[in-house]
Amino acid sequence: MTGTDTRDLAALRPRLPSPLQEAADERFERHGVRLLLKRDDLIHPELVGNKWRKLAPNLATAGGRTVVTFGGAYSNHLRAAAAAGRLLGLPTVGVVRGQELAGLPLNPSLARCAADGMRLHFVDRSTYRRKTEPETLAALLRAVDAEDAVVVPEGGSNPQAVRGCRALGEELGEHADVAAIACGTGGTLAGLAAGLPPGRRAVGIPVLKGGFLEGDIRRLQERAFGGPRGAWSLEDRFHHGGYARTTPGLDAFAEDFERRHDLPVERVYVAKMLYALLALTEEGAFPRGTTLAAVVTGRPFP
């Protein structure tokens with residue numbers, strides 16, 4: 001394939017709009033709250049959930065060029081980018097945080113990336129932190145022999161991705177009063193909030209510690225839309241120790257939710273979001289009569 005356009009992306013056959021399913025759950029119902037699941041995990045078997053929404057607008061402009069992107073050793077984003085590259089015939093390079101990993105056997109996540117044709121380039125953590133600085137980025141692109149590459153940021157969050165995620169809010173439309181989503185880099189929340197109709201709001205559940213996301217989301221909306229869009233807020237209390245960290249309580253909750261709703265619950269993002277929604281409901285954060293839509297952004301990695 002010599003180029004990539006929207007017709008090529010359509011050949012990936014995404015399931016859009018993603019299904020919206022009722023989740024009857026007495027723990028919410030006793031507080032007068034109705035729970036819906038927005039099944040973005042069913043959009044595509046390999047570009048799961050918000051990864052399709054964020055990657056598709058970036059890949060549509062690739063024109064056959066190499067795609068360079070960034071992530072940690074267990075990055076869902078890297079796996080999705082590698083799969084998209086294989087499916088579309090685009091060369092991909094993943095810049096991976098952690099030079100110490102270079103000489104070790106690949107973990108299952110990175111092994112999947114490599115199997116899909118992604119070249120992996122490991123860098124030390126100091127360099128990784130500076131990856132958006134022009135000089136550091138230029139040096140990285142030279143190191144992987146891809147100076148004319150399409151560069152997609154960590155997590156895929158850039159103005160194109162944010163505009164792509166606006167469709168998520170538009171799909172939800174009037175179906176829910178509050179739409180909730182787990183947040184890593186904030187791009188999906190920025191687009192989701194922009195797409196919701198007036199009178200609806202979005203709630204983001206950060207899965208990392210730090211409290212830095214609010215400013216990042218405001219900047220993403222500024223770059224994507226020229227200013228703030230939609231009503232949104234963050235609930236920072238539910239990271240359970242940080243990215244990819246868990247607790248016995250979170251694991252027990254996720255296992256119980258799986259049994260109740262026959263839904264495999266991904267632990268890094270989705271479990272923390274669902275846990276937060278139940279806690280907030282029990283705290284009275286949502287008035288009786290509220291319809292909540294929980295966006296299921298992924299499924300467990302084998």
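Quick notes
- Any strands (runs of 3 or more DSSP E) falling wholly within the stretch 35-136 and containing at least 2 residues that are touching a Pro at 6+ places or on another chain (Cβ under 9 Å): 67-71
- Within the span defined as the stretch 167-186, every residue fails to be modelled with pLDDT of 95 or more, among the polar types (S, T, N, Q) and either under 17 Å from the mean Cα position of the chain (by Cα) or buried (at least 24 other Cβ atoms within 10 Å of the Cβ) (or both).
- Selection status of VAL207, in contact (Cβ under 8 Å) with a residue 40 or more places away in the chain, open to solvent by 40 Å² or more (accessible area, probe 1.4 Å) and among the hydrophobic types (A, V, I, L, M, F, W, C): no
- Some residue of the stretch 226-236 being more than 14 Å from the chain's Cα centre (by Cα), open to solvent by less than 20 Å² (accessible area, probe 1.4 Å) and farther than 21 Å from ASP40 by Cα: yes
- Count - residues of the stretch 133-154 that are closer than 30 Å to ALA293 by Cβ and open to solvent by 10 Å² or more (accessible area, probe 1.4 Å): 2
- If you check ARG267, ARG299 for being modelled with pLDDT under 95, under 15 Å from the mean Cα position of the chain (by Cα), farther than 23 Å from GLY210 by Cβ and surrounded by 14 or more Cβ atoms within 10 Å (Cβ to Cβ), only one passes: ARG299.
- Within the stretch 164-175, residues that are part of a helix (DSSP H, G or I) reach partners that are surrounded by 15 or more Cβ atoms within 10 Å (Cβ to Cβ) and β-branched (Val, Ile, Thr) with beta carbons closer than 8 Å, at six or more positions or on different chains, in the pairs CYS165/THR188; LEU168/THR188; LEU168/VAL295; HIS175/THR291.
- Taking every residue in the stretch 131-151 that is of a type in the set (D, E, K, R) and pairing it with any residue that is open to solvent by 30 Å² or more (accessible area, probe 1.4 Å) and not in a loop (DSSP other than H, G, I, E, B), at least 6 positions away or on another chain, the pairs with Cβ-Cβ distances below 8 Å are LYS131/LEU137; LYS131/GLU154; GLU147/ALA138.
- Where a residue in the stretch 96-111 is more than 10 Å from GLY72 (Cβ to Cβ) and its partner, wherever it lies, is open to solvent by 80 Å² or more (accessible area, probe 1.4 Å), with Cβ under 8 Å and at least six apart: GLN99/ARG125; ASN107/TYR74; PRO108/PRO302
- Total residues in the stretch 21-47 satisfying the condition of being farther than 15 Å from LEU263 by Cα, open to solvent by 10 Å² or more (accessible area, probe 1.4 Å) and aliphatic (A, V, I, L, M): the figure is 0.
- Annotation for the stretch 34-43: at least one member residue is in contact with a Lys or Arg (Cβ under 6 Å, 6 or more places away or on another chain) and either modelled with pLDDT of 95 or more or of a type in the set (Asp, Glu) (or both).
- Of all residues making up the stretch 230-256, the number that are in contact (Cβ under 8 Å) with a residue 60 or more places away in the chain and in contact with a helix residue (DSSP H, G or I) (Cβ under 8 Å, 6 or more places away or on another chain): 1
- Checked against the criterion of being of a type outside the set (Val, Ile, Thr) and out of contact with any helix residue (DSSP H, G or I) (no Cβ under 9 Å at 6 or more places or on another chain), the candidates GLY63, GLY89 yield just one match: GLY63.
For every residue, the table says whether it meets (1) in a strand (DSSP E or B); (2) closer than 24 Å to GLU266 by Cβ.
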position: ALA180; (1), (2): yes, yes
position: LEU189; (1), (2): no, yes
position: LEU192; (1), (2): no, yes
position: PRO197; (1), (2): no, no
position: VAL203; (1), (2): yes, yes
position: ARG218; (1), (2): no, no
position: PRO228; (1), (2): no, no
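- Of residues in the stretch 210-225 being over 13 Å from ALA161 (Cα atoms) and of a type in the set (A, V, I, L, M, F, W, C), the one least open to solvent (accessible area, probe 1.4 Å): LEU213
The values are calculated or read from the model by the stated rules, or taken from the named source; none is laboratory data. All figures in this text were calculated on a predicted structure; none of them were measured in a lab. Glycine gets a Cβ as well: all are built from the backbone with ideal geometry, and neighbour counts include every protein chain shown. Surface accessibility is based on the protein's heavy atoms, side chains included, excluding ligands, DNA and RNA. Shrake-Rupley method; radii C 1.70, N 1.55, O 1.52, S 1.80 Å.
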